[in-house]
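Worksheet: one structure, shown below.
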Amino acid sequence: MNISNNCVASFHYTLTDSTGKVLDSSEGQEPLSYLHGAGNIIPGLEKALVGKAVGDKLNVSVAAAEAYGERDDAMVQQLDSSMFSGIDQIEVGMEFHAETEHGLQVVTVTGVEGDQVTIDGNHPLAGVDLNFDVEVTDVRAATEDEIAHGHAHGAGGHHH
Ligand code: ZN
């Protein structure tokens, strides 16, 4: 069976950036399972998996725009520390959930100077070109439930 819409495919992957640094990997875990054609994984990777079958290995380069998007400097803001009520000490690297005009977003503190706090709402991998080493381990037809839910169930997918 080849990967096409309404298939559940499973694969092992190693994700590296353009310098070869490993950012993420399924090594030692269940392969990742996803419902093909439902936007469960980043668009550039989903496109590259079309037509692949069990045992296929591929190396996929995905430009930032087709992965987590380009960085948007408008998503970097300076806030007064009084906005962070209830937090004793604000430190670089802290993450908060913030209501923004784009909905609920994770923002990361990237700088603290006096009572000025710099936050960045970009995804940590925004602007990063990615390489995926992928090995397809399973391809099967999706169940009606999976198609209705828009995601894969079972090992490596959603449990509910
Ligand atoms: Zn479900």
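The values are calculated or read from the model by the stated rules, or taken from the named source; none is laboratory data. Model, not experiment: these values are computed from the prediction. Here the Cβ positions follow ideal geometry from the backbone for every residue, glycine too, while neighbour counts run over all protein chains shown.
Specify which of the listed residues (Asp115, Asp133) is of a type in the set (D, E, K, R), away from the ligand (no atom under 16 Å from the Cβ) and either modelled with pLDDT of 95 or more or out of contact with any helix residue (DSSP H, G or I) (no Cβ under 8 Å at 6 or more places or on another chain) (or both).
After applying the criteria, what remains is Asp133.
Using the structure shown, decide if Ala126 is away from the ligand (no atom under 13 Å from the Cβ) and at pLDDT below 95.
yes
Just to confirm my filter: which strands (runs of 3 or more DSSP E) fall fully inside region 1-84 and include at least 1 residues that are surrounded by fewer than 16 Cβ atoms within 10 Å (Cβ to Cβ)?
Of the strands (runs of 3 or more DSSP E) lying wholly inside region 1-84, those with at least 1 residues that are surrounded by fewer than 16 Cβ atoms within 10 Å (Cβ to Cβ) span 7-17, 22-25, 57-62, 76-80.
If you check Val109 against the conditions, is it away from the ligand (no atom under 16 Å from the Cβ), crowded, with 17+ Cβ neighbours inside 10 Å, more than 16 Å from the chain's Cα centre (by Cα) and farther than 27 Å from Leu32 by Cβ?
Considered against the rule, which asks whether it is away from the ligand (no atom under 16 Å from the Cβ), crowded, with 17+ Cβ neighbours inside 10 Å, more than 16 Å from the chain's Cα centre (by Cα) and farther than 27 Å from Leu32 by Cβ, Val109 comes out as yes.
Restricting the first residue to region 11-35 and requiring it to be under 16 Å from Ala48 (Cβ atoms), which pairs with a second residue that is among the β-branched types (Val, Ile, Thr) and loosely packed, with under 13 Cβ neighbours inside 10 Å meet a Cβ separation below 6 Å and a spacing of at least six or different chains?
Close Cβ pairs satisfying both conditions: Thr16/Val22.
Take residues that are farther than 16 Å from Ser81 by Cβ and assigned by TED's automatic domain parsing to the domain that holds Pro31 and tell me which of the strands (runs of 3 or more DSSP E) falling wholly in region 101-148 contain 3 or more.
In region 101-148, 130-141 are the strands (runs of 3 or more DSSP E) which contain 3 or more residues that are farther than 16 Å from Ser81 by Cβ and assigned by TED's automatic domain parsing to the domain that holds Pro31.
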